[in-house]
Amino acid sequence: MLAPEEMFDRPIGGENKENEIPHWCGNILWILVTLVQKIITRYRVHGIENVRNLQGVSGGVVAATHHSFLDVSFIWCAIRPTQWGRMMARDTLFKKNRLIAQLMARCAAFPVTRDSADRTAIKRAAGMLRNKEIVCIFPEGTRRGKTDTPPTLHAGAALIARMGKAPLIPACARNSDKVKEKGRLFFRWPTVHVFFGKPVFVKWFDFLPKEERLEACVWYVMRESFALQEGCAPEDVDMAALFPDSKDYAPVFAGRMLGEGQV
């Protein structure tokens, strides 16, 4: 049997099919988890074409909000069955239990050391993008409101996207945090909606000073993700309140169009 460490650098679902991570375990788990989630939460997926359109063209960094541990399963299941979401997960999850580590690796996850410049994880993720795979990252670094660690924006998602020459896709799993709310004893089963936004490219931020481009890119992408989460316009998201320790780029982007109509 392959060790989890042997699968971190193997491809899955990308351009290179040689020596791929075996699909059978991940497919079985996807069917089981998706079935349970469909029955219990009736979850719906919106904007998946923004991920599908990258298939065979380029990789992509799915940058999602993080309110619940269930965000991972909802987003991962939504990306299947035609693509694999390679989840960047904190390294401690791979160290707690060898069976859990084995299952996570077979579902295309790989480790990152949190709160550090993990060069191995960054290079690994960039390589996946160059192989036209989908890498899923939670730039806040922790679940919002579930730990004592305040959420902060990490520019690593934009760095990986730049290195892998791939766009970032804003994403969220709306209502996932309502399944098990803090302080409540019992689970609830609201309808969960998984959203994927339109691609955002790092090159759009070249008008900014070089040292701010990556940070501003992640700020912009996460504002898009929170807009999907809240069902509002990006301009109505109060990023200063969400990330009080990060620079607020709202004045920079006010009235500025990015993308095809960039000015």
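The values are calculated or read from the model by the stated rules, or taken from the named source; none is laboratory data. Just so it is clear, the structure is predicted and the values come from calculations on it, not from any experiment. Positions of Cβ are backbone-derived with ideal geometry, glycine not excepted, and every protein chain shown enters the neighbour counts. These accessible areas exclude ligands, DNA and RNA; they are computed on the full protein's heavy atoms, side chains included. Shrake-Rupley method; radii C 1.70, N 1.55, O 1.52, S 1.80 Å.
Does HIS46 count as at pLDDT 95 or above, touching a His at 6+ places or on another chain (Cβ under 8 Å) and either of a type in the set (Val, Ile, Thr) or surrounded by fewer than 17 Cβ atoms within 10 Å (Cβ to Cβ) (or both)? When the stated conditions are applied, HIS46 passes them.
Determine, yes or no, whether ALA89 is modelled with pLDDT under 95, open to solvent by less than 40 Å² (accessible area, probe 1.4 Å) and either closer than 28 Å to ARG188 by Cβ or assigned to a helix (DSSP H, G or I) (or both). Taking the combined requirement at face value, the residue satisfies it.
When the stretch 75-86 is filtered for residues that are polar (S, T, N, Q) and either open to solvent by 30 Å² or more (accessible area, probe 1.4 Å) or modelled with pLDDT under 95 (or both), only THR82 remains.
Among the residues making up the stretch 73-101, those that are touching a strand residue (DSSP E or B) at 6+ places or on another chain (Cβ under 9 Å) and without any contact (Cβ under 8 Å) to a residue 40 or more places away in the chain are ALA89, ARG90, ASP91, THR92, LEU93, LYS95. Of all the numbered requirements in (1) modelled with pLDDT of 95 or more; (2) under 24 Å from ASN27 (Cα atoms), LYS123 misses one, and that requirement is (2).
Before we move on, is ARG188 among the basic types (Lys, Arg), at pLDDT below 95 and either surrounded by 13 or more Cβ atoms within 10 Å (Cβ to Cβ) or over 15 Å from the mean Cα position of the chain (by Cα) (or both)? Criteria met by ARG188. The residues of the stretch 55-74 that are open to solvent by 10 Å² or more (accessible area, probe 1.4 Å) and under 15 Å from the mean Cα position of the chain (by Cα), listed by number, are HIS66, HIS67, PHE69, LEU70, VAL72, SER73.
Evaluated against (1) among the charged types (D, E, K, R); (2) at pLDDT 95 or above; (3) within 24 Å of LYS178 (Cα to Cα), ARG52 falls short on exactly one condition, (3). On the stretch given as the stretch 107-125, residues that are open to solvent by less than 20 Å² (accessible area, probe 1.4 Å) and either without any contact (Cβ under 8 Å) to a residue 40 or more places away in the chain or part of a helix (DSSP H, G or I) (or both) total 3.
Evaluation of LYS178 against the conditions (1) open to solvent by 50 Å² or more (accessible area, probe 1.4 Å); (2) modelled with pLDDT of 95 or more; (3) more than 24 Å from VAL57 (Cβ to Cβ) shows that the sole unmet condition is (2).
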